[in-house]
1. Of the conditions (1) modelled with pLDDT under 95; (2) within 18 Å of Ala191 (Cβ to Cβ), Leu166 clears all except one; give me its number.
2. Just wondering, is there one or more residues in region 145-152 that are outside any loop (DSSP other than H, G, I, E, B), crowded, with 18+ Cβ neighbours inside 10 Å and in contact with a Ser or Thr (Cβ under 9 Å, 6 or more places away or on another chain)?
3. Anything in region 133-144 that is at negative phi and surrounded by 19 or more Cβ atoms within 10 Å (Cβ to Cβ)? List them, or say none.
4. Residues that are within 29 Å of Met162 (Cβ to Cβ), of a type in the set (Lys, Arg) and either touching a helix residue (DSSP H, G or I) at 6+ places or on another chain (Cβ under 6 Å) or surrounded by fewer than 16 Cβ atoms within 10 Å (Cβ to Cβ) (or both): does region 61-72 have at least one?
5. Mind checking which pairs have a first residue in region 109-122 that is over 18 Å from Ile4 (Cα atoms) and a second that is surrounded by fewer than 18 Cβ atoms within 10 Å (Cβ to Cβ) and basic (Lys, Arg), Cβ under 9 Å, 6 or more apart or different chains?
6. Looking at Ile116, Ile105, which is the one that is touching a Cys at 6+ places or on another chain (Cβ under 6 Å) and surrounded by 13 or more Cβ atoms within 10 Å (Cβ to Cβ)?
7. Could you look through region 200-220, keep only residues that are touching a residue at least 24 places away in the same chain (Cβ under 8 Å) and loosely packed, with under 13 Cβ neighbours inside 10 Å, and pick out the one that is farthest from Thr165 (Cα to Cα)?
Amino acid sequence: MLSIRRLQLGPMANFVYLVAPAHTDRLAVVDPGWDAAAIEAAAEAIGRPVTDLILTHHHGDHRNAVEALLDRGAERVWVHRAERPWLQGLGWTDHCHWLDGGDRIELGPGAALTCIATPGHTPGSQCLLGDSERGPALLTGDTLFIDGCGRCDLPGGDPAAMYHTLYGILGNLDGQTRVLPGHDYAPAAEAALDDQRRTNPYLGFASVQAFVDYRMRPRR
């Protein structure tokens, strides 16, 4: 069982998640960005040191506090291996454990996050699925937002891959799963997956091409 606490940090309204498993002293931070001191203060309030850092993808706003947290005692960084080329030269990749889709990050007895490979926003984007105190939770990074989805026009983005991620890979998940996105881009901070299937405009297309045309329309 996992306890998940959400922080909003930085100028891009990033959500940073502190994941505390029961029956162990480990504490994982998902997408540690912007403010290592604030993250560490939140960890101290929980009563645990930060031990694990997990990235949903390589973009700087989701990992620009990694180095500081490693310096403060974090031990491991978990990243999908397809993100490896984008992280070379940062100086902390020796701490990385490279993941594939379907791998589990075992945080304690009966407490794990399952890595789901969800390419589209970046080649190695991944979502993290776990059993929380409030039921199944999916930490989606920049793959799926509340009533939105991640950009596909940045280097490594692929809108057709995003379609298959949203409709194929995530389309098979339990509708009661809570979507916990990587940014505060909507009036609600989270929503059930079934609710998103009804209201999210990116989940209502009948074909890849229709989705790609809409996702890649000119930005205003």
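1. Failing condition for Leu166: (1).
2. Checked against the condition, which is being outside any loop (DSSP other than H, G, I, E, B), crowded, with 18+ Cβ neighbours inside 10 Å and in contact with a Ser or Thr (Cβ under 9 Å, 6 or more places away or on another chain), region 145-152 yields at least one hit.
3. Answer for region 133-144, where residues must be at negative phi and surrounded by 19 or more Cβ atoms within 10 Å (Cβ to Cβ): Ala137, Leu138, Leu139, Thr140, Asp142, Thr143, Leu144.
4. Looking through region 61-72, none of the residues is within 29 Å of Met162 (Cβ to Cβ), of a type in the set (Lys, Arg) and either touching a helix residue (DSSP H, G or I) at 6+ places or on another chain (Cβ under 6 Å) or surrounded by fewer than 16 Cβ atoms within 10 Å (Cβ to Cβ) (or both).
5. Matching pairs, first to second residue: His121/Arg151.
6. Exactly one of Ile116, Ile105 is touching a Cys at 6+ places or on another chain (Cβ under 6 Å) and surrounded by 13 or more Cβ atoms within 10 Å (Cβ to Cβ), namely Ile116.
7. Arg219
The values are calculated or read from the model by the stated rules, or taken from the named source; none is laboratory data. Computed from a prediction, not measured in an experiment: that's the story for all the values here. Quick reminder, even Gly has a Cβ in these numbers, built from the backbone with ideal geometry, and neighbours come from all protein chains shown.
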